[in-house]
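Taking it in order: structure first as structure tokens, then the write-up.
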Amino acid sequence: MQIETQIASILAIAPENLNFEFFEKGNIVELNLYTKNPLHQNTFLFHSLIAVNKQEALEKMLGYIQTNFNLELVYTIEWAEASSSQRFKSFFRGRNIVEIIDKFFYNRQVNSYTIYQIVLNPIA
């Protein structure tokens, strides 16, 4: 099974709703994994990491997800684009609320979005 498919399976997300973005910087590779919500078509950062090559980056991402997926807190953010009144809810995993907000606004203009509510989901 391909690593990308394994990651999609663990996250319970269709593979077409994951975006693996690689950046080569000298002798390192940065991998940003984004998830896309099919309802509103927005993508959000799930996790970012650095490795020596693409294969190692994928393996490290799989290891990170296998280790941390059920340990991280889950938050729900209710938000809208500043130019719209239509609200959406998106779910984020992270260690704390600051990390969650960073993931929400990653590669976004802060003034282009309104956050109405951030809720820490119950811990099972």
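The values are calculated or read from the model by the stated rules, or taken from the named source; none is laboratory data. Keep in mind that this is a model prediction, so the values were computed, not measured. Please note: Cβ atoms are built from the backbone with ideal geometry, for glycine as well, and neighbour counts cover all protein chains shown.
Of all the residues in region 24-45, those that are more than 15 Å from Asn107 (Cβ to Cβ) and crowded, with 17+ Cβ neighbours inside 10 Å number 1. For region 1-23, enumerate the residues that are under 28 Å from Tyr113 (Cβ atoms), surrounded by 11 or more Cβ atoms within 10 Å (Cβ to Cβ) and not aliphatic (A, V, I, L, M). Scanning region 1-23 gives Pro15, Asn17, Asn19, Phe20, Glu21, Phe22, Phe23.
Say whether the condition of being aliphatic (A, V, I, L, M), in contact with a Ser or Thr (Cβ under 7 Å, 6 or more places away or on another chain) and within 19 Å of Tyr113 (Cβ to Cβ) is met by at least one residue in region 59-77.
Kept after step one, since they are aliphatic (A, V, I, L, M), are these residues of region 59-77: 61-62, 65, 71, 73-74, 77.
Remaining after also requiring in contact with a Ser or Thr (Cβ under 7 Å, 6 or more places away or on another chain): 77.
Add one more test, that the residue is within 19 Å of Tyr113 (Cβ to Cβ), and what stays is 77.
Looking through region 59-77, at least one residue is aliphatic (A, V, I, L, M), in contact with a Ser or Thr (Cβ under 7 Å, 6 or more places away or on another chain) and within 19 Å of Tyr113 (Cβ to Cβ).
Scanning region 24-57 for residues that are closer than 18 Å to Leu11 by Cα, of a type outside the set (S, T, N, Q) and under 15 Å from the mean Cα position of the chain (by Cα) turns up Leu31, Leu33, Tyr34, Lys36, Pro38, Phe44, Leu45, Phe46, His47, Leu49. Taking only region 19-29 into account, find how many residues are in contact (Cβ under 8 Å) with a residue 24 or more places away in the chain and either under 13 Å from Gln55 (Cα atoms) or in a loop (DSSP other than H, G, I, E, B) (or both). The number of residues fulfilling the criteria is 5. Out of the residues in region 66-113 that are of a type in the set (Lys, Arg) and free of Cβ contacts under 8 Å to residues at least 40 places away in the same chain, which is nearest to Lys36 (Cα to Cα)? So, considering only residues that are of a type in the set (Lys, Arg) and free of Cβ contacts under 8 Å to residues at least 40 places away in the same chain, the one nearest to Lys36 (Cα to Cα) is Lys89.
So, Ile118, is that one surrounded by 14 or more Cβ atoms within 10 Å (Cβ to Cβ) and touching a helix residue (DSSP H, G or I) at 6+ places or on another chain (Cβ under 6 Å) or not?
no
If I filter region 49-57 for residues that are closer than 19 Å to Asn107 by Cα and either without any contact (Cβ under 8 Å) to a residue 40 or more places away in the chain or not in a strand (DSSP E or B) (or both), do I get at least one hit? Yes.
When you scan region 46-66, do you find a residue that is at pLDDT below 95 and surrounded by 13 or more Cβ atoms within 10 Å (Cβ to Cβ), even just one? Explain how you work it out, then say what you get.
Here is the first cut: in region 46-66, the ones at pLDDT below 95 are none.
No, because not a single residue in region 46-66 is at pLDDT below 95 and surrounded by 13 or more Cβ atoms within 10 Å (Cβ to Cβ).
Of all residues in region 67-100, those that are of a type in the set (Gly, Ala, Ser) and surrounded by 14 or more Cβ atoms within 10 Å (Cβ to Cβ) total 3.
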